[in-house]
1. Mind checking Rg over Rh on the chain, alpha carbons, Kirkwood formula for Rh?
2. Among Ala69, Ala157, Ala131, which one shows the highest mean-square fluctuation when the chain is modelled as a Gaussian network with alpha-carbon springs under 10 Å?
3. If amide hydrogens are placed 1.01 Å from N in the peptide plane, which non-local residues have theirs closer than 5 Å to the one on Gly257?
4. List the residues, sorted by chain then number, that are 5 or more residues from Val59 or on another chain and whose placed amide H is less than 5 Å from its amide H.
5. Quick one: which of 99-106, 122-129 comes out on top by average Cβ neighbours within 10 Å, and what's the full order, highest first?
6. Per residue of the range 115-127, in order, report the coupling 6.51 cos²θ - 1.76 cosθ + 1.60 (Karplus, θ = phi - 60°) as ³J(HN,Hα) in whole Hz, putting x for Gly and Pro.
7. Which residues' amide hydrogens lie under 5 Å from the amide hydrogen of Arg82, considering only partners 5 or more residues apart or on another chain, with H built in the peptide plane?
8. Would you kindly derive the ³J(HN,Hα) couplings of the range 55-64 from the backbone phi angles with the Karplus curve 6.51 cos²θ - 1.76 cosθ + 1.60 (θ = phi - 60°), listing them in order in whole Hz, with x for Gly and Pro?
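Bear in mind these aren't lab numbers, they're just calculated from the coordinates by the rules spelled out. Because the structure is a prediction, the values reported are computed rather than measured. For neighbour counting, all protein chains shown are included, and Cβ atoms are generated from backbone atoms with ideal geometry for every residue, glycine included.
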Amino acid sequence: MYPPAELELPTALGNFRCYQRSPDCWALARLVVPAFRLGELSDALRINEDNEPLALAVVLGADTSRDLAAIEGFRRDEPNARVEALELKAATKADLRALLGELSATMPRYVELPVEELDAAALEAIGGAGAFAKLRAGGITPAAIPGADAVLEFLEAAATQKLAFKATAGLHHALRGTYPLTYAASAPRAELHGFLNLLLAAAVLWHGGSRDQARAALLEQQRDAIRFTEVSLQWCGLSFTAPMLEQLRESFFHSFGSCSFREPLDELATGPWHR
């Protein structure tokens, strides 16, 4: 439903159901839906007589009270659809306290700020409210893509405070590189962060590595520098075992969201990662 894909909601829901039944369902978590489209989602579920369990993350808009009421109505009307997480955006650090004060801590909340505002003080406020951070790593214009230094500073501050996060936007590719920003033939191109780069940098910092190592991980573009074995992820002399990665996912790098489910997986499947 989100750019650059921007599929109609019934199509996105149908795709999600197909992915749930696919061999790659292990990589699928929640369907991310804006609160103002929950009524449309109810219609799609009803029309298709879709009664399968559905896990959702709901993105709140500017009118928090209205959106929370919409969520309560949706949960009452759709008992098979579980709202498991909330995602919200604050314009500045000054808005955080009031925004988080409106939300119950009964489910995970991921809070997005402009990356330059995601400093130690902001992360402390987010963590103090029992919430998590949300990093926007890309966009459909070059100006929307944060630089490596900004991402590194966020990761360092979050690791220091042991604050978990999710990432979103632009993470269609495994490794950093220059790619089109949309699916249009005339789309602008820019350097995008890779989801493996983000994973590696997070793993380095979470498990006690240096800032220089984490920066190199964010900038890595050589596919043959990364190796997956049955028991570990290896890069530049570092080895992260499966238990280390499981702990990283549980306590620090929760997930990343993408408007495409297939592109990241297909790129992994065709890369020289397994040797």
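1. Computed over Cα atoms, the ratio is 0.96.
2. Greatest mean-square fluctuation among the candidates belongs to Ala69.
3. When sequence neighbours closer than 5 places are left aside, the close amide H contacts are Ala167, Thr168, Ala169.
4. Placed amide hydrogens put Val33, Ala35, Glu87 under 5 Å from Val59.
5. My ranking of the peptides, most packed first, is 122-129, 99-106.
6. My calculation for the range 115-127 gives 4, 6, 8, 7, 8, 4, 5, 5, 5, 5, 5, 5, x Hz in order.
7. Result for Arg82 returns Leu54, Ala55, Leu56.
8. Each residue's phi maps through the Karplus curve to give 9, 10, 10, 10, 8, 7, x, 5, 9, 4 Hz.
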